[in-house]
Every structure is written in structure tokens, then in C-alpha cells.
Amino acid sequence: MQLFYLSYFFIIGLVFGSFFNVVGLRVPEKKLFQSQRSYCPHCNHTLSWYELIPVFSFIIQQGSCRQCKRKISIIYPLVELFTAIMFAYSFYIFGFQLELITSLLLVSLLAIIIVTDLKYMLIPDRILLFFFPFFVIMRLFVPLEHWWSPFLGALVGYGVLAVIIIVSRGGMGGGDMKLFALLGIVLGYKEILLAFFLSTLYGSIISIALLALKVVERKKPIPFGPFIVLGSLTSYFYGDFLIRWYLTTFL
Ligand SMILES: [Zn+2]
């Protein structure tokens, strides 16, 4: 039965991931509710149902448009896979506890952020505002260790990023700051600090690797969103464990 539910959440995740691609692509251009079906950005060829199957269409078409043969961004199947894996993992960790809803919401937010940040270097306010009430309500139903922890988490997330933005003069943007405030509600004040630490750690390691491998050029800004995604998910699922391990090992 466990396997049945894991597959179920995986498949639901693929479908939602495909939807999050559309949301992430269209919200920054304010086209979310336009009724037009998905199309190729190069030749405007409207995609038929068999070109819209998450991940599989990409593999079968070998990553290019059927009409004009130009490359489809690898971001789309990756976001679909990310959502599928993290939906299944959320169920694996929480089962049918209420926290499962928070976890699915968090993964959804982060999947959309990956798309908007990689495509437009942007974290849209409208996405953050959409998730805000849901996270607040979920934290009322499933509180953290203290009732005030989400409040302090939001303040700490916002404050730490504000300091970084002032000190680094534009290393990170206002979108990152608002995202951290929102994540602070979900994670609480300790885990949001850990999420920040892990994001910068992942960011430095991966940036250095990408520069060394010449995948990216020096001076070209690297979007920080994907590292926030990695850092906050690690902190959300393993924060308790990591903080306890750190305290018992070093203090
Ligand atoms: Zn095309």
C-alpha cells in the first residue's frame, strides 16, 4: 500500500510540476489566465496532448520541438521530476499527517521559484502573496515548538537577508528577502537560519564548481533561487537532526 501511495504522489507531482512550469513562465509576464494552450516559444507551434506528457514527451522528442527542432529547456523536465520526487518524499516522511499539506505547499512554491528565477532572475511578489495565507493557516493547525516561532522566523529571514543585501550591495535581491521571510513562517527561527547557512554553502560550492568547469562565465550573475530551494528543503526535512547533531558535537 505504501508503494501505491508513493507512486500516486509521484505521478500527481509530475502533473503538478508541469503546471508549475506554466505558472512560472506566465506569471512574470502576467499571462497566467490567458486561455492559450502551451506553445513552443520559438515557432509558436501549439503543443498537442502527446507533447505535454511530463518528462516523457521531452525524452521521446529528444529535448527539441517537433515542429522547428529547436531545443526545449532542460528546466521543464527537471522541475517536473523535482516536484514528483519531492511530493513522493513528502508522503514518505509525513504519511497522512496534516503537515503533509504544508510540505506539498512548500515544494509547490519552490518548484515555481526555480522556474521564475532561472528564466527571469525574478521571484514574483504575486507568487509569494499567494502562498502566504496558506502557510499562516497551516502553522495555526500544526504549530512549531513555540507558537511565536513562525513570527520570529519571518523576522529573522527578512532581517538576515536585509543585512546581507546592505553589506553585499546587490549580491541578493529584494525577492530573495521576501522569500526568506515567507520560508521563515514554515521553518521557524532556528531552521530559517540553517536554511540561510545551507543556501550560501550550496551556492558557493556549486558556483565554484560551475566556474571551474566553465559551465558559467565569471561576472555573469548566477541565480540564487535554486540554492535557496536546496537549502530550505534540507532544513525543512533535516533541520532538527542537523541542529541537534551540531549542538552535541561542537558544544
Ligand atoms: Zn518550435
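The values are calculated or read from the model by the stated rules, or taken from the named source; none is laboratory data. Keep in mind that this is a model prediction, so the values were computed, not measured. Please note: Cβ atoms are built from the backbone with ideal geometry, for glycine as well, and neighbour counts cover all protein chains shown. Note: accessible area is taken over every heavy atom of the protein model, side chains too, but ligands, DNA and RNA are not part of it. Shrake-Rupley method; radii C 1.70, N 1.55, O 1.52, S 1.80 Å.
Contact order normalised by length for region 58-120, with contacts defined as Cα pairs under 8 Å and 6 or more residues apart; what percent is it?
Details: 28 pairs, mean separation 16.8, N = 63.
Averaging sequence separation for qualifying contacts and normalising by length gives 27 percent for region 58-120.
Post the alpha-carbon centroid distance, region 15-44 to region 62-92, in whole angstrom.
For region 15-44 versus region 62-92, the Cα centre distance is 14 Å.
At what distance in angstrom do the alpha carbon centres of region 123-153 and region 174-240 lie from each other?
19
Could you calculate the FRET efficiency of Y120 with V142 from 1/(1 + (r/R0)^6), where r is the beta carbon distance between them and R0 is 35 Å, rounded to 0.05?
On the way: r = 33 Å, r/R0 = 0.94.
My answer for the efficiency is 0.60.
Loop sites only, by DSSP: take the trypsin sites (Lys or Arg not before Pro) in the chain that have at most 13 other C-beta atoms within 10 Å and name the longest stretch containing none of them. It would help to have the intermediate numbers written out before the result.
Numbers: sites that count: K30, K31, R37, K69, R70, R169, K214, R218, K219.
It works out to 71-168.
Output the pairs from K30/K71; K119/K178; K119/K214 with a Cα-Cα distance over 22 Å in this structure; if there are none, say none.
Values: K30/K71 24 Å; K119/K178 19 Å; K119/K214 20 Å.
Check vs 22 Å cut-off fails for K30/K71.
Using helices alone, I'd like the mean residue ellipticity at 222 nm for the chain: each DSSP H run of four-plus residues gives -39500 (n - 2.57), total over residue count, nearest 500. Please list the in-between numbers first.
Working: 8 runs with 174 residues, N = 251.
Value at 222 nm, helices only, nearest 500: -24000 deg cm²/dmol.
Can you give me the long-range amide H partners of S64? Hydrogens built in the peptide plane at 1.01 Å from N, cutoff under 5 Å, separation of 5 or more residues or another chain.
Excluding prolines and chain starts, which carry no amide H, the hits are I72.
Going by average Cβ neighbours within 10 Å, how do the peptides 191-198, 58-65 rank, with the highest at the top? Walk me through the intermediate numbers first.
Values: 191-198: 23.5, 58-65: 14.0.
Ranked by mean Cβ neighbours within 10 Å, highest first: 191-198, 58-65.
At 1.4 Å probe radius, can you tell me the per residue accessible area of region 134-251 in Å²?
Values: 6950 Å² over 118 residues.
So region 134-251 comes to 59 Å² accessible per residue, rounded to a whole number.
Does anyone have the angle between helix 75-94 and the longest principal axis of the chain? Alpha-carbon axes, 0 to 90°, nearest 10?
The answer is roughly 40 degrees.
Return one number: the angle in degrees, 0 to 90 and rounded to the nearest 10, between the long axis of the Cα atoms of helix 225-250 and the longest principal axis of the Cα atoms of the chain.
Here the helix axis deviates by roughly 30 degrees.
Assuming R0 = 22 Å, can you tell me the calculated FRET efficiency for the pair F132 and I164, based on Cβ-Cβ distance, to the nearest 0.05? It would help to have the intermediate numbers written out before the result.
Values: r = 22 Å, r/R0 = 1.00.
The value I calculate is 0.50.
Please give the residues of region 72-114, grouped as numeric ranges, whose backbone N is less than 11 Å from a label point set 7 Å along the Cα-to-Cβ vector of Y8.
96
By how many nm would the segment from R218 to N44 grow when fully extended, if each residue of separation counts as 0.36 nm and the alpha-carbon distance is taken off?
Working: separation 174, 0.36 × 174 = 62.64 nm, distance 3.33 nm.
That works out to 59.3 nm of additional length.
Where does each of T46, T234 land when they are ordered by accessible area, with a 1.4 Å probe and the largest first?
Heavy-atom accessible area, descending, gives T46, T234.
Relative contact order of the chain: what whole-number percent is it, with Cα pairs under 8 angstrom and at least 6 residues apart? Write down the numbers at each step before the final one.
Numbers: 296 pairs, mean separation 43.1, N = 251.
Normalised by residue count, the contact order of the chain is 17 percent.
Name the residue farthest towards the positive end of the dipole of region 4-88 from the options F56, C43, Y5, assuming +1 on Cβ of Lys and Arg, -1 on Cβ of Asp and Glu, about the Cα centre.
Selected residue: C43.
Put a dot 7 Å past each Cα toward the Cβ at F197 and Y246; how far apart are the dots in nm?
0.1
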